[in-house]
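Readers should treat all values here as calculations from the given coordinates under stated rules, not as data from a laboratory. The model shown is predicted, which means the values in this text are computed figures rather than measured ones. Virtual Cβ from ideal backbone geometry, glycine too; neighbours counted across all protein chains shown.
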Amino acid sequence: QLQLVESGGGLVQPGGSLRLSCVASRFTMDYHALAWFRQAPGKEREGISCLSSSGSTYYRDSVRGRFTISRDHAKDALYLQMNNLQPEDTAVYFCAADTRSPYEYCGNLVGEYDRWGQGTQVTVSS
């Protein structure tokens, strides 16, 4: 059963922007660590950014300064603003939540998250 649903992916040219959205189903995002991951063909799923329940953020070096993670508490939504997209950003992007940890921190490991969206494709190509 899907508990997170992503949207906003698509095809963009290098240098373009996209905003990914993720909304919760059957649970609230409040009190949980939230994250964005991506997986390119033939590659392992990697953490891109995360947001702790206390508001702390993490960004992978390759996206820092270009991507921004944010929350809309009223809408129970998570966003990833992606600017200056490059071909190497091409991947399926997933949002995730950690509903098990009592700690107000976020991590970048797949095993730390128990709720996942279905993924949304982002393709950056000229």
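Kindly list the residues of the stretch 70-103 that lie in the label zone of Ser56, defined by a backbone N under 11 Å from the point 7 Å along the Cα-to-C-beta vector. Once the point is set 7 Å along Cα→Cβ of Ser56, 103 turn out to lie under 11 Å by backbone N, inside the stretch 70-103.
Taking amide H positions as modeled 1.01 Å from N, with prolines and chain starts lacking one, the residues under 5 Å from Phe67 and 5 or more places away or on another chain are Asn83. Near Gly15: Cβ cut-off under 12 Å, other residues only, Lys/Arg at +1 and Asp/Glu at -1. The net charge is 0. The local environment of Val124, defined by Cβ-Cβ distances under 9 Å, has a net charge of -2 under the rule Lys, Arg +1 and Asp, Glu -1. Reported to two decimal places, what Rg/Rh ratio describes the chain when computed on Cα atoms with Rh from the Kirkwood expression? Radius of gyration relative to Kirkwood radius: 0.94. Springs between alpha-carbon atoms under 10 Å, Gaussian network over the chain: tell me which of Arg38, Arg64, Arg26 tops the mean-square fluctuations. The residue that fluctuates most here is Arg26.
Using the Cβ-Cβ distance between Ala74 and Gln3 with R0 set to 22 Å, the FRET efficiency from 1/(1 + (r/R0)^6) comes to roughly 0.70.
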